[in-house]
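None of the figures in this text is laboratory data; all of them are computed from the coordinates on show. Just so it is clear, the structure is predicted and the values come from calculations on it, not from any experiment. Because the Cβ atoms are built from the backbone with ideal geometry, glycine has one as well, and the counts that use them run over all protein chains shown.
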């Protein structure tokens, strides 16, 4: 195999596929990026057996073939090369020569034939969504997953499609994030759980352009995302997701309309007095036309008053400030609605159209 590519193109494509290279594995070949030059295309592939990424690389093929090069070493070498075209040549034994201007590296790869191909997913009935919508949906929900939780369902996000409605849900036992999107077309029902790790890596790769589409294909065990000459294939999490509809309600005793920026800035200031290990809540004292936010820790105390529009009863309730910040940061609305049932029940942050819903459990502060 012999190919020539620009350094910038190599770095761009390596940064995409290296996200699927496992940190630890009993199969050393999976620590490699597979380079295949055939059929007029150069493809880079990485696979950790749960997540596989393949992308097309722009370049010139001088000799067809393949090579498996250790991902970190390959990435480090390319990064330190001059800004010029890079030649990569490999023989049948796996020995590779990487050269750029006067720099020449000779490294030993692994047997490319041992590399595990990413699963083949039938390209039938794709669900089409813009890159902007997919990345936004992920960013607005992914902070609520619990990746290290013993309950595997909490390590993923529910994708539920019915007709032209797409609902994305994540939860970690203390909060729930829901995003609902109207698709351009109607589709057959889909209900799967996609690993949070997969979605986090996809969000980093997507350009977020509203004009560029992502094609999603679903099977019983896998999901495939196609965009920008890149393919991402992931295993799905097996099992039945939580019945979140039972946790949601439109009833409330207190409704507060408040400036998102003022509320977010106030809570952010309050966290200056809370150490990472400290679990001090921020207390909301809701009165007729104002909300007083208070926090009291070993470092000190703070209180601040914000003007609100209120319906219903006065209330005093406490929350983990980090959970409020995570939700408020991803909401685009200038004014947000907070709905309270009682001091022991979750707070709902939502818009009138229910395009987003954030449910946050209160904490005791007595």
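Taking just the alpha carbons, could you work out the radius of gyration and Dmax for segment 202-299, both in angstroms?
So, for segment 202-299, Rg and Dmax equal 21.7, 56 Å respectively.
Quick one: check the C-alpha center-to-center distance for segment 240-274 versus segment 185-217, whole angstrom.
Cα centres, segment 240-274 to segment 185-217: 26 Å.
Determine which residues of segment 18-50 fall in the zone a paramagnetic label at residue 11 would reach in this model, i.e. backbone nitrogen under 11 Å from the point 7 Å along Cα→Cβ.
Label zone hits: none.
Of 220, 152, 102, which has the largest mean-square fluctuation in a 10 Å C-alpha GNM of the chain?
The residue with the greatest mean-square fluctuation here is 102.
What's the center-to-center distance, using Cα atoms, between segment 113-179 and segment 28-51 in Å?
After rounding, the separation between the Cα centres reads 24 Å.
Once you've got the GNM for the chain with C-alpha springs shorter than 10 Å, pick whichever of 174, 125, 222 has the biggest mean-square fluctuation.
125
Counting only helical runs of four or more DSSP H residues, what would the 222 nm mean residue ellipticity of the chain come to if each run contributes -39,500 (n - 2.57) and the total is spread over all its residues?
-5000 deg cm²/dmol
What nm value, rounded to one decimal, do you get for the distance between residue 309 and residue 27 when each label is placed 7 Å out toward the C-beta?
It is 5.8 nm.
Compute the long axis of helix 7-17 from its Cα atoms, compare it with the longest principal axis of the Cα atoms of the chain, and write down the angle in degrees, 0 to 90, nearest 10.
On a 0 to 90 degree scale, this one is about 60.
With 10 angstrom as the radius, rank 136, 124 by how many other C-beta atoms surround their C-beta, starting from the fewest.
If I rank by nearby Cβ atoms, fewest first, I get 124, 136.
Given a 10 angstrom Cα cut-off, can you work out which residue in 94, 65, 40 is the most mobile in a GNM of the chain?
Highest fluctuation among the options: 40.
How large is Rg over Rh for segment 127-243, taking Rg from the Cα atoms and Rh as the Kirkwood inverse mean of 1/r across Cα pairs?
0.93
Fewest Cβ neighbours within 10 Å first, please rank 168, 35 accordingly.
Sorted ascending by nearby Cβ count, the order is 168, 35.
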